[in-house]
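No value in this document is a laboratory result; all are computed from the given coordinates. The model shown is predicted, which means the values in this text are computed figures rather than measured ones. With ideal geometry, Cβ positions are generated from the backbone for all residues, glycine too; neighbour counts draw on all protein chains shown.
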Amino acid sequence: MVTVSTTTRSAQELTAQARDVLGVSRLTNSALTSWLHGLPGVDQVGCEGRAAALGTRSIKTTSKAWAIDTAIGMIDLTTLEGADTVGKVRSLCAKALVPDALDPTTPRPAAICVYGDMVATAKAALGDSGIHVAAVATAFPSGRASMPVKLADTRDAVEAGADEIDMVIDRGAFLSGDYLTVFNQIAEVKQACGDTHLKVIMETGELVTYDNVRRASYLSMLAGGDFIKTSTGKVQPAATLPVTLIMLEAVRDWRELTGVQVGVKPAGGIKTTKDAIKYLVMVSEIAGDDWMTPQWFRFGASSLLNDLLLQRQKLATGAYSGADYVTID
Amino acid sequence: MPTFEYAPAPESRAIVTIEKSYGLFIDGAFTRPKATFATINPADETVLAEVSQAGPKDVDKAVAAARRAYEGVWGTMSGAERGKYLFRIARILQERAREFAVLETLDNGKPIKETRDVDVPTAAAHFFYHAGWADKLEYAGLSAGGAEAPRPHGVVGQVIPWNFPLLMLAWKIAPALATGNTVVLKPAETTPLSALLFAEVCQQADLPAGVVNIITGDGRTGQALVEHPDVDKVAFTGSTEVGKMIARSIAGTSKKATLELGGKAANIVFDDAPIDQAVEGIVSGIFFNQGQVCCAGSRLLVQENVHDQVIAKLKRRLGTLRVGDPMDKNSDLGAINSKAQLDRITALVEAGVAEGAERWSPECSLPAKGFWFPPTVLTGVSQTHRVATEEIFGPVLSVLTFRTPQEAVAKANNTAYGLSAGVWTEKGSRILWMADQLKAGVVWANTFNRFDPTSPFGGYKESGYGREGGRHGLEAYVTTAPATSSTQLTGATR
Amino acid sequence: MSRLDVRKTYKLYIGGKFPRSESGRSYEIVSAKGEFLANASMGSRKDVRDAVVAARSALSGWSGATPFNRGQVLYRVAEVLEGRRAQFIEEVAAGEGLSTRAAGAAVDAAIDRVVWYAGWTDKIAQVLGNVNPVAGPFFNVSAPEPTGVVGVLAPQGSSLLGLVSVIAPVIASGNTAVVVTSADRPLPAVTLGEVLATSDVPGGVVNIITARTAEVASWLAAHRDVNAIDLTGVAGADGVHWAALEAEAAGNLKRVYRPMVVDGRPVEPDWNADPGLGRIRAFVETKTVWHPKGL
């Protein structure tokens, strides 16, 4: 059973709080620009070197078993296709409820992640299992729609029973320097979410530089995001270790600055147990073990679950497992 | 709250076979062990092997073997053929990389992560790089203006330290062989094993006998080698004190010398630095190889207005450093190489505290056996403190502050050394200005402790002379003077 | 009756000024034929000390000047030398015992040598430096920088051509120099000081001390604030042992430019030969700078 605590915030409250953090009397684009551009820069080579070094940690035996179960519990098991059907979503939910029929001790993933129109189907399938339903919203994945449409998209998913909303930021506005628009959109979506948990997808592959990732992370946290998330999964590159490292540094430093803890969700392209463990090492050594729960760290993934199950079976039986011993959804 | 505990992940030592005792490698073969002394694993003080103390007669034999090989085969061989031998050595080092990494970690105490990812691959890369030079020396730009094509000196005596045993061997042997010299090399007293394993590599490569000779022993062996009358060139990496002795001992002779000596590098962090990467640079600058690095960033010069922020981030980061069993693949810091070195570090840190520095170390439990020192930060250090001027050669960072770029440069240069320096700022023009002003042979800007076979390394002032690596490193191993008379010594630097 | 000429007082050249030796001493300089030429200041260890201070304070300005600027200044030195050609011929002829014609050839060669080095200033870094193709995302460049303060024992024999041949390569790359002249043939060196003083060479870049080599050389070799020493002038210097000087230079690991040695004895090189890059190379340090390449 995943617990997430979410505070209902109005856009007005978020703006007032942002003024306090920035120390300004009026939240303007230039105030946001000075603040975001005053953050320390990121050296690409150093950042990637650090991520690669953490990737060489050797996680064996009991640690590996612990990491595999922890990672399974952090998965937002995802299907976001135009071809999604009720059948497909029910099948995915069934997989979430019973990840490994051969081993009932297998933990369940944290959530199912679907488009808004599939929320009701997923809710019904998951029942009172405690597995959350997350819905992508705000004209996912491009975010290219007017604000009323984005808000309606959000409310629709919330009303259908979504526990979590994964919104996308307006990357065009961000890249053109219109930070205030990005802030306002996030704050308004947050207000529309009410007590539904809000994840802010920055689509880091389109932001390109680590400096932008850091700025977008701070902007998303300032505007009330409960989670910051790397990617939609529709753009390459999606989640990478160094991008996630920057985000983990951001949530760590944000808590020091404001006392508020924000979660991190890398999504897209994380397919293997080996990768997942590298992310967990990074969570532990960069942000700290306070983030080592599904409340504060998620993987947006689909095929990752089965690879974790294969590795889990290997640890249990001592023999390498194969694709025929895990179920497709 | 769950915590992510890393289970022990020890590298297997089964890959390495260590003999009970070793002789000297002279003229292509090992001598019978004699006058042996023990080399131990500094992580647990167990004896690894007995190695031989080479006496003056052994040095004579080794130098004579090198001379014969120089005159008989190596000095007359075409560059292309020499190069192929070096390529072979590079490949064998790559093939036997894990074996070397394990052996080096056992003998030195440094983490397997470093020997595996840095020492051994970089050593192989040095041979690979220099192999290609062997038949291209005329293109190295050393012989313009009436000077002749580069020629080798002859027999080179090389004495290397214990901090990077195999890598320093590669830094020394690869350029010497590529340029056509033959070699007598003495590894450090406490870390002889990887050099002795390298002797096997020479055998596997069918390197002609006598081209490389490895003699083990303590400082007396090194002195006998350096002062041997039939050695044409000396290459030494080690302390400035011994470097000066060598410089005196070759005074008035025709012997050449390259000296890579001590350092007390400033790592300068400005308020506009990429802070998280700077913290990583500080950590790798002083805790890489337990700080037992001549170019270590042992003096952190941090701009006063970000001092508290940087120190807070640094301390948090040091809390994640893993100190312990060097053979564990997750260890970030291993053992100090010897009891003597541990005592020196301990004494200097105590002196620093007595002079008013504040000492801090993260919580870490150190193994009961072996030579261990926790990662240590000394704050409130002044330029006059011994810990700010003397090379500690251990995992100890002295923190000082500055207010302006000029003050940073003045403090950084205020030392008898001049090996390396670090600069952290996102402002490009300031980097270039700082790089101009710093009196150091290597300046790392927004990075630290990077090494590459193509990149020359060496210091200003009392950090020694000559460069190793790159095109510049070839210079020390060749002469371009007219060979009119064997007794003639042309005016040139030593 | 012919006019009584006004004689020159030969003094030291330190920090752009022409002081007498602090010791108050002078010594008699005679021609190759033994005729009295002048009383030169007899420099002392304290004059060496003062000269090192002057050279050190001139270093940042001179090494920080653009190579183009240093080239212009060196070329200016050649221009002013040319203007004093007659005076130098007279001094070289008297001191070295050469015919006017041979002395003229030596002076011409000296002027041309300065021109040669003037042209080198902005090429040294291009010829001795390079970008290193390291195996990683880094810009990595190695370039020569001046070593610092260089002590020069000028040749005993060639009083002008030899002298400029040892000074010019030192200052071309941006070093400053403390020069101990030929003990017995110091007069062209003092006149060269006057040339330097009037040709835009900043005071302290070249400091010239006329002295008994044996008296001051070890002070220069042992001086901790001197970064390198050129021992060329040990050849033919009375009571000077270059091995001892090199050993003293080890005290602060000075870079040492050894003399040419033939059959165990230091000899003066042939100053008419192509100088090559050896002397420039000897007094520069290779500095390697790394920087990451990234977005």
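The table that follows gives values for the structure above.
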read-out: Exercise: per-residue mean of other protein chain Cβ atoms within 10 Å, B:108-114; value: 1
read-out: Of A:Thr56, A:Thr15, A:Thr293, the one that fluctuates the most in a GNM where chain A has Cα springs shorter than 10 Å; value: A:Thr56
read-out: Rounded FRET efficiency, nearest 0.05, which uses the C-beta distance separating C:Asn272 from C:Val127 and R0 of 22 Å; value: 0.45
read-out: Cut-off 14 Å (backbone N to label point 7 Å along Cα→Cβ of C:Ala244), residues of region B:224-261; value: B:252
read-out: Restraint check, B:Lys172/C:Lys287; B:Lys110/B:Lys186; A:Lys60/A:Lys199, Cα-Cα greater than 23 Å; value: A:Lys60/A:Lys199
read-out: Burial order of peptide ranges B:338-351, C:243-256, B:274-287, A:161-174 (average beta-carbon count within 10 Å, highest first); value: B:274-287, A:161-174, C:243-256, B:338-351
read-out: At R0 = 51 Å, FRET efficiency that the Cβ-Cβ distance of A:Lys274 and C:Asp225 yields, to 0.05; value: 0.30
read-out: Estimated inter-spin distance, B:Leu366 and B:Val353, nm [label 7 Å along Cα→Cβ]; value: 1.1
read-out: Extension gain, B:Glu148 back to B:Lys57 (0.36 nm per residue minus Cα-Cα distance, nm); value: 29.2 nm
read-out: Under 17 Å from the Cα of A:Lys95 - aspartates and glutamates, other chains or at least 8 residues apart; value: A:Asp69, A:Asp76, A:Asp84, A:Asp103, A:Asp128, A:Asp307, A:Asp324, A:Asp329
read-out: Relative contact order of chain A, pairs being alpha-carbon contacts under 8 Å that are 6 or more residues apart, as %; value: 21
read-out: Filter on A:Lys64/B:Lys113; B:Lys84/C:Lys123; B:Lys339/B:Lys439; A:Lys123/A:Lys274; B:Lys20/B:Lys61 - keep pairs with C-alpha separation over 28 Å; value: B:Lys84/C:Lys123; B:Lys339/B:Lys439; A:Lys123/A:Lys274
read-out: Positive minus negative residues near A:Leu36 (Lys, Arg vs Asp, Glu; Cβ under 14 Å); value: -1
read-out: Nearest-0.05 FRET efficiency for B:Asp436 and C:Lys33, computed from C-beta distance (R0 51 Å); value: 0.45
read-out: Gaussian network model of chain C, springs between alpha carbon atoms under 10 Å - residue of C:Asp274, C:Asp263, C:Asp50 with greatest fluctuation; value: C:Asp263
read-out: Surrounding net charge for B:Gly285, when Lys and Arg each add one and Asp and Glu each subtract one, Cβ distance under 13 Å; value: +3
read-out: Whole-number percent relative contact order across chain B, with pairs defined as alpha carbons under 8 Å at least 6 apart; value: 18
read-out: Inter-label distance for C:Thr9 and A:Asp289, nm, one decimal - labels placed 7 Å from Cα along Cα-to-Cβ; value: 8.5
read-out: Within chain C, helix-based [θ] at 222 nm, where runs of 4 or more DSSP H residues each add -39,500 (n - 2.57), nearest 500; value: -13000 deg cm²/dmol
read-out: Contact order normalised by residue count of region C:9-292, Cα under 8 Å, 6+ apart, percent; value: 24
read-out: Where labels lie 7 Å past Cα in the beta-carbon direction, separation of A:Glu81 and C:Thr66 in nm; value: 6.6
read-out: Formal net charge of residues neighbouring C:Asp108 (Cβ-Cβ distance under 11 Å; K, R +1; D, E -1); value: +1
